[in-house]
Structure formats: structure tokens, C-alpha cells
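See structure below.
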Amino acid sequence: MVYFLIKQLAAEAYITARKNVDNFKEGYDILVAEDKVMDKGFKREFADLPALQNELLYKLFRKRPRLMNVTAAYRSHF
């Protein structure tokens, strides 16, 4: 009887954890897609600059802080 209760609680915990992971992954995938769009837009915007300046700006663009976006996406799903 105790084994059955433990098994049922474990199954419920697994289902809850799986839903949380799926929700977080969905938000993360959206952020990755938005990042790709921004990346393409950045390259298009600065395409007319000399290669050295373009490379330097692109490196700075890639190092921008993105942690806030991931945190916001995580909180929006819970």
C-alpha cells in the first residue's frame, strides 16, 4: 500500500516536472528565434561598414547581456 502511494507521488512529480521543462524549453526556443532575427538584422544594418569595424561591432553585439531575457521568459511561464 505504501509502495503504491510512493509510486503515485513520484508519477505526479514527474508529470509536473515534465510540464515545467516543456514550458521553459518553449520560452527558450522563442528567445533563440528572436536572437537569430536580431542577429540577421544586425548584419544587414551594418553591412556597409568596413570588414574590421563590422567584425568588432558584431563581437560586441554577441557579448551583450542576455540573462535578463532568459529570466523573464522563465518567469512568464510560471
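Quick notes on this structure:
- Simple spin-label estimate for Leu57 and Asp39 in nanometres, 7 Å along Cα-Cβ: 1.8 nm
- Neighbour net charge for Ile15 - beta-carbon separation under 15 angstrom, K R +1, D E -1: +1
- Cross-link partners of Lys36 among lysines (Cα-Cα below 16 Å; sequence separation of 8 or more within a chain): Lys59, Lys63
- Taken over the stretch 2-76, the alpha-carbon convex hull comes to 95 cubic angstrom per residue.
A short reminder: the numbers here are calculations on the coordinates, not readings from a lab. Fair warning: this is a prediction, and the values are worked out from it, not measured in the lab. All Cβ positions, glycine included, derive from the backbone under ideal geometry; neighbour counts span all protein chains shown.
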